[in-house]
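Any read-out appearing in this document is the output of simple, stated calculations on the displayed coordinates, not a laboratory observation. All figures in this text were calculated on a predicted structure; none of them were measured in a lab. When we count neighbours, we look across all protein chains shown, and the Cβ atoms used for this are built from the backbone with ideal geometry, even at glycine.
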Amino acid sequence: MSDSFFTMSQVRLVKHAPGAPGLRILGLGPSFIPTQGLSKLQKLLDKHAFWAKNRSFKNLKILLAGSKVIISLWKGKRLIGFGRATSDGIYRAVLWDIVVADDLQRKGLGRRVVEELLAMPAISKVEKVYLMTTHSSDFYEQLGFDKCSTQELLIKSKNISKTE
Ligand SMILES: CC(C)(COP(=O)(O)OP(=O)(O)OC[C@H]1O[C@@H](n2cnc3c(N)ncnc32)[C@H](O)[C@@H]1OP(=O)(O)O)[C@@H](O)C(=O)NCCC(=O)NCCS
C-alpha cells in the first residue's frame with residue numbers, strides 16, 4: 001500500500017522483552033510472526049543510521065541481548081522504526097539507535113518510540129537518561145531532554161569486526 005494512505009492505526013508498536021529474544025533468536029515481528037526481523041533491523045540501520053551501518057547479524061544479536069528496553073514499529077511486516085535503551089534501573093540509562101524510516105519521518109513516529117522507551121519501567125524511574133546525537137538535538141529537546149554544558153563526552157573506541 002502506498003504511504004500516502006498511511007494512518008497511525010496501521011502502525012504496530014512492539015515492546016520487546018529485555019534482550020528481545022523473539023526478534024533476536026527467531027526474527028519475530030508483531031504478533032510473534034516470523035518475519036526475518038533481524039535482517040530487517042540490519043537494513044533499517046544500514047539505510048537510516050549513519051553510525052550503525054554494516055552491523056553483522058552476530059553483532060546485532062549481541063546488541064539486542066545487552067539491551068534492557070527495546071521498541072520496534074511495524075507497518076504490516078515492514079519494520080519502520082526502532083529504538084533501544086540500556087539501564088541500571090535506578091540511576092542511569094542511555095537511549096541508543098532511535099530510527100524511523102525516512103519516508104515515514106515527521107509523522108510523530110520518532111516521538112512515539114522515545115516516549116514509549118521513557119515510559120518503560122526500567123527507564124521511567126531512572127535519575128538521569130542520557131543520549132548522544134549528532135544532528136537531532138532539536139528533536140530530543142522538544143521531548144524534554146536538555147543540552148548539557150557542564151559535562152564533556154569522552155569516548156574510548158575499539159574496532160569491531162563487521163564480517164562476523
Ligand atoms: C530523529 C528521528 C528519529 C525523528 O523521527 P520522526 O518520526 O521524524 O520524528 P517525529 O515526527 O516524531 O517528530 C517529533 C517532533 O520533532 C520534530 N523533529 C523531528 N525531527 C527533527 C529534526 N531532525 N530536527 C528538528 N525537529 C525535528 C518534529 O517536527 C516534531 O515536532 P512536532 O510534534 O511539534 O511536529 C528521525 O528523523 C530519524 O530516524 N532520523 C535518522 C536517524 C537519526 O538521526 N536518529 C537520531 C539518532 S540520535
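Say the cut-off is 24 Å between C-alpha atoms; which of LYS68/LYS128; LYS77/LYS107; LYS53/LYS147; LYS43/LYS128; LYS15/LYS107 go over it?
Numbers: LYS68/LYS128 16 Å; LYS77/LYS107 19 Å; LYS53/LYS147 26 Å; LYS43/LYS128 31 Å; LYS15/LYS107 20 Å.
With Cα atoms farther than 24 Å apart: LYS53/LYS147; LYS43/LYS128.
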query = So which chymotrypsin sites (Phe, Trp or Tyr not before Pro) in the range 1-105 pass both tests, a DSSP loop state and at most 12 other Cβ atoms within 10 Å of the Cβ?
reply = TYR91
request  = When a/c is below 1.5 the answer is rounded, else prolate if a/b is larger than b/c, else oblate, so apply that to the range 86-161 with a ≥ b ≥ c taken from the square roots of the Cα gyration tensor eigenvalues.
outcome  = rounded
query = Between ILE33 and VAL94, 0.36 nm times their residue separation minus their Cα-Cα distance comes to what?
reply = 19.1 nm
Separation of alpha-carbon centers, the range 6-40 and the range 141-157, rounded to whole Å = 30 Å
note = Low-density loop trypsin sites (Lys or Arg not before Pro), the range 49-139, at most 11 other Cβ within 10 Å, DSSP non-H/G/I/E/B, are ARG106, LYS125
inquiry  = With the crude spin-label approximation of a point 7 Å out along Cα→Cβ, what separation in nm comes out for LYS43 versus ILE62?
reply    = 2.5 nm
inquiry  = No solvent, one uniform scatterer per C-alpha: report log10 I(q)/I(0) for the range 3-141 via the Debye equation at q = 0.12, 0.18 1/Å, two decimals.
reply    = -0.44, -1.04
